[in-house]
Amino acid sequence: MNSHIVLKVASKVLIPLIVVFGLYVQFHGDFGAGGGFQAGVIVAVAVILYALVFGLEEARRAVPPAVAKIGAALGVVIYAGVGIVSIALGGNYLDYFVIPGGQHIGVLLVEIGVLLTVASVMLLIFYAFAGRAREIPDEEW
């Protein structure tokens, strides 16, 4: 019998709620506390919880490290791209007012870039540390 059945069932309920809360923090950041960084950490926590409950290999199958690397790079490209588009349209770097759609679209794109980068980097850090072999022999614990 699986001794962690309650933990697994509870996490299957909580993980989607954590992701939805992360999205709420992302899109509510314009009006209150929150934004891309906080939302990125919250979304990464959902995957880390999955890894802690179901195992590191299962988490790596769900979100492979290659996908996390692409997400980190894509987030930086989105962030920098908004700035480059601002310059190309005659404004300063990250001058949102020259972007079609105005400040709201510019800030939203930058925050999505931050969310992708932060969530991906947090996962990559977790994968790096969680995947390390234990170097201290069991008898010393």
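The values are calculated or read from the model by the stated rules, or taken from the named source; none is laboratory data. As the structure is a prediction and not an experimental result, all values here were calculated from the model. Every residue, glycine as well, gets a Cβ built from its backbone with ideal geometry; the counts of neighbours run over all protein chains shown.
A few remarks follow.
- Test: residue in the stretch 31-41 that is assigned to a loop (DSSP other than H, G, I, E, B) and in contact with a helix residue (DSSP H, G or I) (Cβ under 7 Å, 6 or more places away or on another chain): yes
- L52 vs. criteria surrounded by fewer than 17 Cβ atoms within 10 Å (Cβ to Cβ) and under 29 Å from V6 (Cβ atoms): yes
- Filter pass, F97 being without any contact (Cβ under 8 Å) to a residue 60 or more places away in the chain, aromatic (F, W, Y) and surrounded by 14 or more Cβ atoms within 10 Å (Cβ to Cβ): no
- Here Y24 clears all of (1) within 15 Å of the chain's Cα centre (by Cα); (2) modelled with pLDDT under 95; (3) closer than 27 Å to A128 by Cα except the condition numbered (3).
- Residue within the stretch 64-78 that is part of a helix (DSSP H, G or I), of a type outside the set (A, V, I, L, M), crowded, with 17+ Cβ neighbours inside 10 Å and over 17 Å from the mean Cα position of the chain (by Cα) present: no
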